[in-house]
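Trainee: Can you keep this structure in mind? I'll have questions shortly.
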Amino acid sequence: GHLWLVVPAAGQGRRMGADRPKQYLPLAGQPVLARTLARLHEAFPEARLCLCLDPDDGHFDPAWVPFADWRRAPGGAERVDSVVSALEAIAPDAAEDDLVLVHDVARPCVTVDDLVRLLSAIADDPVGGLLAARAADTMKRDDGAGRVRTTESREGLWHALTPQGFRYGLLRRALGEALAAGVAVTDEASAVEAAGHSPRLVSGRRDNLKITHPEDLILAELVLSAQEL
Ligand code: C5P
């Protein structure tokens, strides 16, 4: 089967407070989007890409796409809507059991090693899985008024990262059912879980950070320069 990469890049990035969506801000001299696609291409040069873009996007340049086989899909209101739109856009060419890796455009620091390890961990898995990192901090739950109610055990807690990879048919059905049922879908795995499956946790690097706030761009530049050493 084919390997598909779905990259949601239709967010506005409002928490960044910049003059354009964060995927178009420069990161070590190149737009975040170009860096993310370059990492994915280094790991999977033969994969097919579907890029979710805001239909009114005025910043995108196709010269940033290194893949030979790629298409764009119109982004939706939420991240999940963008992913569903991409799965619809590839429907004519995707087989039920093709693997789909969904990766946030805002995670340009994912390493080739993590990408390849994720793929090999889920290649023969009936469900699929995600890159994730064990929680390192002590976790507090608040009382809704700015004070600690409880300290939660961090035993067994993970941060969900991307990519998250699942079979095309399973993922499309799971996302559709979760949306219809009103389940909050903040990542692909949560929809697959709601469908009764247990995605595999593949331990990934903690520096696969998601650029969200202005200081994250500085951190990401440091991560990239350290990875190049
Ligand atoms: O805003 P946040 O970083 O949580 O978004 C995660 C990813 O989902 C980003 O890559 C963003 O571009 C994408 N997204 C999207 N469509 C939306 C909202 C977010 O493709 N409507």
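Table: residues versus (1) more than 27 Å from D124 (Cβ to Cβ); (2) in contact with a Lys or Arg (Cβ under 8 Å, 6 or more places away or on another chain); (3) of a type in the set (S, T, N, Q).
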| site | (1), (2), (3) |
| --- | --- |
| H41 | no, no, no |
| E46 | no, no, no |
| D54 | yes, no, no |
| A73 | yes, no, no |
| E96 | no, yes, no |
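Trainee: Regarding region 162-185, can at least one residue be identified that is assigned to a helix (DSSP H, G or I), within 25 Å of D113 (Cα to Cα), in contact with a Leu (Cβ under 6 Å, 6 or more places away or on another chain) and modelled with pLDDT of 95 or more? Spell out how you get there, then give the answer.
Mentor: Here is the first cut: in region 162-185, the ones assigned to a helix (DSSP H, G or I) are 168-180.
Those still in the list that are within 25 Å of D113 (Cα to Cα) too: 168, 171.
Then drop every residue that is not in contact with a Leu (Cβ under 6 Å, 6 or more places away or on another chain), which leaves none.
No, that holds for no residue.
Trainee: Next up: Considering only residues that are part of a loop (DSSP other than H, G, I, E, B) and touching a residue at least 60 places away in the same chain (Cβ under 8 Å), which ones fall in region 101-156?
Mentor: So the first thing to find is which residues in region 101-156 are part of a loop (DSSP other than H, G, I, E, B), and the list is 103-111, 123-127, 135-138, 143-147, 153-156.
Those that are part of a loop (DSSP other than H, G, I, E, B) and touching a residue at least 60 places away in the same chain (Cβ under 8 Å): H103, D104, V105, A106, R107, P108, C109, V110, T111, D125, V127, A136.
Trainee: Could you run through region 147-166 and say how many residues are of a type in the set (D, E, K, R) and loosely packed, with under 10 Cβ neighbours inside 10 Å?
Mentor: Kept after step one, since they are of a type in the set (D, E, K, R), are these residues of region 147-166: 147, 149, 152, 154-155.
From the residues that got through so far, the ones that are loosely packed, with under 10 Cβ neighbours inside 10 Å too are 147, 155.
Of the residues in region 147-166, 2 are of a type in the set (D, E, K, R) and loosely packed, with under 10 Cβ neighbours inside 10 Å.
Trainee: Can you pull out every residue in region 68-86 that is within 8 Å of the ligand (Cβ to nearest atom), buried (at least 21 other Cβ atoms within 10 Å of the Cβ) and more than 18 Å from L170 (Cα to Cα)?
Mentor: If the condition is that a residue be within 8 Å of the ligand (Cβ to nearest atom), buried (at least 21 other Cβ atoms within 10 Å of the Cβ) and more than 18 Å from L170 (Cα to Cα), then G75 is the only one that fits.
Trainee: Restricting the search to region 212-227, which residues are within 16 Å of the ligand (Cβ to nearest atom), in a helix (DSSP H, G or I) and in contact (Cβ under 8 Å) with a residue 40 or more places away in the chain?
Mentor: Narrowing region 212-227 to residues within 16 Å of the ligand (Cβ to nearest atom): 212-217, 219-220.
From the residues that got through so far, the ones that are in a helix (DSSP H, G or I) too are 214-217, 219-220.
Of everything in region 212-227, those that are within 16 Å of the ligand (Cβ to nearest atom), in a helix (DSSP H, G or I) and in contact (Cβ under 8 Å) with a residue 40 or more places away in the chain turn out to be P214, L217, A220.
Trainee: Please enumerate the residues belonging to region 91-135 that are surrounded by fewer than 13 Cβ atoms within 10 Å (Cβ to Cβ) and either farther than 14 Å from W4 by Cα or basic (K, R) (or both).
Mentor: Matches in region 91-135: D113, S120, D124, P126.
Trainee: If you don't mind, there's one more thing I want to ask. Of the conditions (1) under 16 Å from H103 (Cα atoms); (2) within 10 Å of the ligand (Cβ to nearest atom), D54 clears all except one; give me its number.
Mentor: Among (1) under 16 Å from H103 (Cα atoms); (2) within 10 Å of the ligand (Cβ to nearest atom), D54 violates only (1).
Trainee: Further, regarding this structure: Yes or no: region 22-36 includes at least one residue that is within 13 Å of the ligand (Cβ to nearest atom), surrounded by 23 or more Cβ atoms within 10 Å (Cβ to Cβ) and more than 21 Å from V223 (Cα to Cα).
Mentor: No, region 22-36 contains no residue that is within 13 Å of the ligand (Cβ to nearest atom), surrounded by 23 or more Cβ atoms within 10 Å (Cβ to Cβ) and more than 21 Å from V223 (Cα to Cα).
The values are calculated or read from the model by the stated rules, or taken from the named source; none is laboratory data. As the structure is a prediction and not an experimental result, all values here were calculated from the model. Note that each Cβ is placed from the backbone with ideal geometry, even for glycine, and that neighbours are counted across all protein chains shown.
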